[in-house]
Amino acid sequence: MKTILGKLNGIEADRELLQQAAQIIKRGGLVAFPTETVYGLGADGFNEEAAKKIYAAKGRPSDNPLILHIAEENQLKQIVKKIPEKAKKLMESFWPGPLTIILEKKENVPYTTTGGLDTVAIRMPNHLGALSFLKAVQTPIAAPSANTSGRPSPTKAEHVLEDMQGKIDMILDGGEVGIGIESTIIDMTSVPMILRPGFITQEMLEEKIGDVFLDPTLQNGLQEKERPKAPGMKYRHYAPKADLTIIEGELSRVIDQINRLTAQKVSEGKKVGIIATEETKKFYRDGMIKVIGTRKKEETIAKHLYSILREFDEAEIDVIFSEAFSEKAFGQAIMNRLIKAAGHHKIIV
């Protein structure tokens with residue numbers, strides 16, 4: 001299969017390209033497209049065979065649910081049995097935007113899309129290219145991140161091409177994404193429960209609907225036989241090829257520990273990568289140092305996380321050491337992704 005790479009430039013110029021993408025979807029094909037969070041790998045959400053192609057292209061376990069992307073709220077009538085009042089408030093407040101809401105599905109939503117669950121995850125992205133694509137298709141699009149399962153999610157079309165060339169029909173290139181990590185996922189089928197943290201924080205949600213809880217598995221992980229209720233809950237995700245370790249503690253001790261560990265690994269002949277910040281980069285002596293952003297702006301850290309992990313892959317780094325970050329507000333989402341990328345390997349100093 002030859003993968004078409006199409007550049008999104010503007011609404012008028014894009015019309016023909018988007019119609020071509022829509023036809024691919026209607027034929028049961030796969031189209032990668034940009035959102036404000038990461039690039040998604042889209043297929044017709046009501047086509048079981050198309051959904052199976054997503055799992056095959058990604059090498060994704062079939063019990064890992066997909067998210068349905070919509071362009072208009074009236075599409076919910078096709079997808080869910082009912083919308084609780086609190087869920088409506090969240091839609092009014094955060095859609096379009098980086099919030100995925102889990103509700104009870106209608107019978108016509110295939111279990112292939114929901115990972116075997118009677119619930120379905122839905123979101124409306126806040127991205128002109130994504131919304132234009134979804135409107136051209138006129139059907140809900142099932143879309144996980146457009147990367148090989150387990151690898152860092154793609155924040156540029158080049159990342160998608162690297163993982164998906166020859167496996168999918170088309171990539172819509174909308175440039176680098178804005179946020180850089182996946183949407184917040186909240187289960188609204190009973191007590192409001194965050195299953196995956198993201199840019200929309202617990203505090204922001206509670207301002208709109210009152211108490212919102214964090215799923216206990218965010219700390220402890222799922223057991224082997226448990227079925228994940230949302231993407232990103234069970235399997236290793238976002239991981240570079242190198243062994244990644246997070247160093248947590250008072251910042252000066254973190255820097256000292258990373259320098260010691262780096263020196264040790266370099267002496268063993270290993271290629272070492274260090275994830276630093278603008279505030280700390282000058283304190284590291286060895287290894288390939290990558291600046292992820294500034295601690296003064298958490299959004300800079302989120303935006304560059306996956307790109308940096310992919311850059312270390314390209315450099316064939318053996319070992320990566322990363323500073324830890326505050327788990328307050330948006331930092332909770334950043335640390336969620338880092339911990340999963342590291343396979344929960346963390347050193348406290």
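Net charge dipole, the range 1-132: roughly 200 debye, given to the nearest 20, about the Cα centre with Cβ charges of +1 for Lys and Arg and -1 for Asp and Glu. Taking a ≥ b ≥ c as the square roots of the eigenvalues of the Cα gyration tensor, the range 11-157 is classed as rounded, since a/c falls below 1.5. The residue list Gly249, Asn259, Leu66 was ranked by how far each Cα lies along the charge dipole of the chain toward its positive end, using unit charges on Cβ atoms, and Leu66 comes out on top.
In summary, the lysines within cross-link reach of Lys167, defined as a Cα separation below 25 angstrom excluding same-chain residues under 8 places away, comprise Lys2, Lys7, Lys26, Lys52, Lys53, Lys58, Lys135, Lys156, Lys234, Lys241.
In a reduced charge model with +1 at each Lys and Arg Cβ and -1 at each Asp and Glu Cβ, the range 69-164 shows a dipole moment near 280 debye about its Cα centre.
Overall form of the range 1-92: oblate. Here a/c, set by the Cα gyration tensor axes a ≥ b ≥ c, is 1.5 or more, and a/b is not larger than b/c. Assign one of three labels to the chain, namely rounded, prolate or oblate, based on the Cα gyration tensor with a ≥ b ≥ c the square roots of its eigenvalues; rounded applies when a/c is under 1.5, prolate when it is not and a/b is larger than b/c, and oblate otherwise. In terms of gyration-tensor shape, prolate.
A Förster radius of 22 Å, combined with the Cβ-Cβ distance separating Asp243 from Arg285, puts the computed FRET efficiency at roughly 0.60. Full extension of the chain between Glu158 and Glu48 gives 36.8 nm of extra length, using 0.36 nm per residue less the Cα-Cα distance. Please list, or write none, the aspartates and glutamates whose alpha carbon is within less than 13 Å of the alpha carbon of Lys281, excluding same-chain residues fewer than 8 places away. Result set, ordered by chain and number: Asp256, Glu323.
Using Cβ point charges alone (K and R +1, D and E -1), the dipole size of the chain about the Cα centre works out to roughly 380 debye.
Each value in this text was obtained by applying a stated rule to the coordinates, not by laboratory testing. What you see is a predicted model, and the numbers here were worked out from it, not measured in a lab. Ideal geometry is used to build each Cβ from the backbone, glycine not excepted, and the neighbour counts take in all protein chains shown.
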